[in-house]
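The structure under discussion appears below in the form of structure tokens.
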Amino acid sequence: MKRREFLKTACLATACILPACKSTVKYADAIQQGNKLVVDKSLFLANSIVTIAYNQHGIGITKLDDNTFAASLLTCTHQGCAVSVEENGFICPCHGARFNNVGQVTKGPAEENLTSFITSNNQQFVYVHLL
């Protein structure tokens, strides 16, 4: 293999691996009350998507408007990798699947949407109803 071919191959391989090396996800605090997770609405003042710890990969909660929220399990439906939050949705660093801010597949290889949770809210809190 010529030097130029080696460098090109090495650069391409590194570009595929780097998304999986992002910094760890920072989880917001949530309180479990029975079969619900309770999240303070003030967390959405700075971010439209907030992540909370749940099982191995967490849950992403998206603020759609003042009184509408969507929650998705951050586990890719393709092969179970942890998905990362990006500006307008989620991306799987393992194989590149993309999901919009409510967990619907926008780019494969995943064929199924992220697992979603029912949400409700009041003036102060967002409630994620666990399955």
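A few comments on the model shown:
- Residue in segment 60-74 that is touching a Cys at 6+ places or on another chain (Cβ under 9 Å) and farther than 16 Å from VAL126 by Cα present: no
- Tallying residues that are touching a Phe, Trp or Tyr at 6+ places or on another chain (Cβ under 7 Å) and either of a type in the set (Ser, Thr, Tyr) or without any contact (Cβ under 8 Å) to a residue 12 or more places away in the chain (or both) within segment 106-117 yields 1.
- Filtered residue count, segment 60-80, keeping only those that are assigned to a loop (DSSP other than H, G, I, E, B) and under 15 Å from LEU43 (Cβ atoms): 1
- Among the residues listed as CYS21, CYS16, the single one being under 18 Å from CYS92 (Cβ atoms), modelled with pLDDT under 90, hydrophobic (A, V, I, L, M, F, W, C) and surrounded by fewer than 10 Cβ atoms within 10 Å (Cβ to Cβ): CYS21
- Which numbered condition ALA82 misses (of (1) closer than 18 Å to TYR27 by Cα; (2) surrounded by 20 or more Cβ atoms within 10 Å (Cβ to Cβ); (3) touching a Ser or Thr at 6+ places or on another chain (Cβ under 7 Å)): (2)
The values are calculated or read from the model by the stated rules, or taken from the named source; none is laboratory data. Just so we're clear, the structure is a prediction, and the values are computed from it rather than from any experiment. Don't worry about glycine lacking a Cβ; one is built from the backbone with ideal geometry, like all the others, and counts go over all protein chains shown.
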